[in-house]
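Asker: This is the structure, below, for whatever I ask next.
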Amino acid sequence: MGLPLDDHDGQRRCRDCGVWKPLEDFCASSKRPSGRGSCCKPCFNQRSKASYAKRSREKHGREVTPRRTVPEGQKFCADCGTVKSLADFPRNRSDSTGYATYCKPCHNTRTREVKERLYGGNREYHLRRRYGIGRREFDELLAEQGGVCAICGASGPQYVDHDHRTGWVRGILCFNCNGGLGQFRDDQSRLAGAITYLRGTTWQRVLIHPGVYQMCSPTRGRPPSPSS
């Protein structure tokens, strides 16, 4: 069987643009002996876009917005309708461009709206996502502690303390106590060592008679020099 009349020396004339091109420049087609369609790839893409626009107009009554051409290093934000530098867009590895669809202000606005709609606010979203509890559970746990930090007794603590290995919420702490546990890596031996260290290097008030205290000097350390 010979080649179709429009095939010659591995080339074909595109039915739309009329240009002779290599068969590799034509879309695959199982209906042709050569396995290639009758339109070159650019013309086929134009046909597909026109067909999609027609279906969108007839079925949904809306026009397809043509793709915008923006300068290199910039991106169009569909929310605010402006072209901005890529630095004005959050990073997004799942997007082909490496950046999010919306600029940072629009992205933040959308994020706040979603958190408000799904969780009732940013605080509830943060508690649910990170600790698995809500504001109601937070308030109940704080009430069990008497409304104060579970370690130092400071009023109005706002930080959730949890076991980093199991995720179990242990209590509500103030900023300093929560940060202190983190610095000591929740290690009881480190905390015990710190207590022993403080006992040996800090002046202590010792009860020697009822109502009478005496300051005892540290058992180790070095006093400040007179010249300091």
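Just so you know, all these numbers are worked out from the coordinates, no wet-lab data involved. Keep in mind the model is a prediction, meaning the values are calculated, not measured. Positions of Cβ are backbone-derived with ideal geometry, glycine not excepted, and every protein chain shown enters the neighbour counts.
Asker: Given the stretch 11-60, what whole percent of its Cα pairs are spread farther than 16 Å?
Answerer: For the stretch 11-60, the share of Cα pairs beyond 16 Å comes to 43 percent.
Asker: Further question on the same structure: Mind checking which lysines have their C-alpha under 17 Å from LYS49, skipping anything on the same chain fewer than 8 residues away?
Answerer: LYS41, LYS59
Asker: GluC sites (Glu not before Pro) within the stretch 1-107: which are DSSP loop residues with at most 11 other Cβ atoms inside 10 Å?
Answerer: GLU63, GLU72
Asker: Same structure again: Could you tell me the relative contact order of the chain? Use alpha-carbon pairs under 8 Å, at least six residues apart, and round to a whole percent.
Answerer: Taking the mean separation of contacting Cα pairs over the length of the chain, I get 6 percent.
Asker: Run down the aspartates and glutamates and flag those whose C-alpha is under 17 Å from the C-alpha of LYS21, throwing out any fewer than 8 positions away in its chain.
Answerer: LYS21 reaches ASP6, ASP7, ASP9.
Asker: GNM on the chain, C-alpha springs below 10 Å: top fluctuator among VAL169, VAL19, VAL160?
Answerer: Maximum among the listed residues: VAL19.
Asker: Taking the Cα centre of the chain as origin, sum charge times position over the Cβ atoms of Lys and Arg (+1) and Asp and Glu (-1), and report the length of that vector in debye to the nearest 20.
Answerer: 700 debye
Asker: Would you look at the GNM of the chain, springs on alpha carbons closer than 10 Å, and say which of GLY200, GLY121, GLY81 moves the most?
Answerer: Ranking GLY200, GLY121, GLY81 by mean-square fluctuation puts GLY200 first.
Asker: Scan the stretch 31-115 for trypsin sites (Lys or Arg not before Pro) in coil per DSSP, keeping those whose Cβ has at most 13 other Cβ atoms within 10 Å, and list them by number.
Answerer: Sparse-neighbourhood loop trypsin sites (Lys or Arg not before Pro): LYS31, ARG62, ARG67, ARG68, ARG93.
Asker: Under 12 Å Cα-Cα from LYS84, which aspartates and glutamates qualify once same-chain neighbours fewer than 8 residues away are excluded?
Answerer: Within the straight-line limit of under 12 Å, LYS84 reaches these aspartates and glutamates: GLU72.
Asker: How much length would be gained if the chain were fully extended between SER34 and LEU207, taking 0.36 nm per residue of separation minus their Cα-Cα distance, in nm to one decimal?
Answerer: Going from the current span to full extension adds 52.1 nm.
Asker: Where Lys and Arg each count +1 and Asp and Glu each count -1, what net charge lies around ASP163 among other residues with Cβ under 9 Å from its Cβ?
Answerer: 0
Asker: Let me ask something else about it. Take each uninterrupted DSSP H stretch in the chain, measure its Cα extent along the helix axis, and return the ones at 15 Å or beyond whose mean Kyte-Doolittle hydropathy is at least -0.5.
Answerer: 188-201
Asker: Let me ask something else about it. Do any chymotrypsin sites (Phe, Trp or Tyr not before Pro) in the stretch 143-228 lie in a loop, going by DSSP, with at most 12 other beta-carbon atoms within 10 Å of their beta carbon, and if so which?
Answerer: TRP168, TRP203
Asker: Now, a different point. Rounded to a whole number, what is D in µm²/s for the stretch 139-216 from Stokes-Einstein with the Kirkwood radius over alpha-carbon pairs (37 °C, 0.692 mPa s)?
Answerer: Answer from the Stokes-Einstein relation: 224 µm²/s.
Asker: Taking every pair of alpha-carbon atoms in the stretch 171-228, give the share separated by more than 17 Å as a whole percent.
Answerer: 61 percent
Asker: Radius of gyration and Dmax for the chain's Cα atoms, expressed in Å?
Answerer: Cα only, the chain: 35.5, 118 Å (Rg, Dmax).
Asker: Something else about it: Anyone know which of ARG123, ARG15, ARG165 comes out most mobile in the 10 Å Cα GNM of the chain?
Answerer: ARG15
Asker: Can you tell me the Rg and Dmax of the stretch 132-183, counting just the alpha carbons, in angstroms?
Answerer: 10.4, 29
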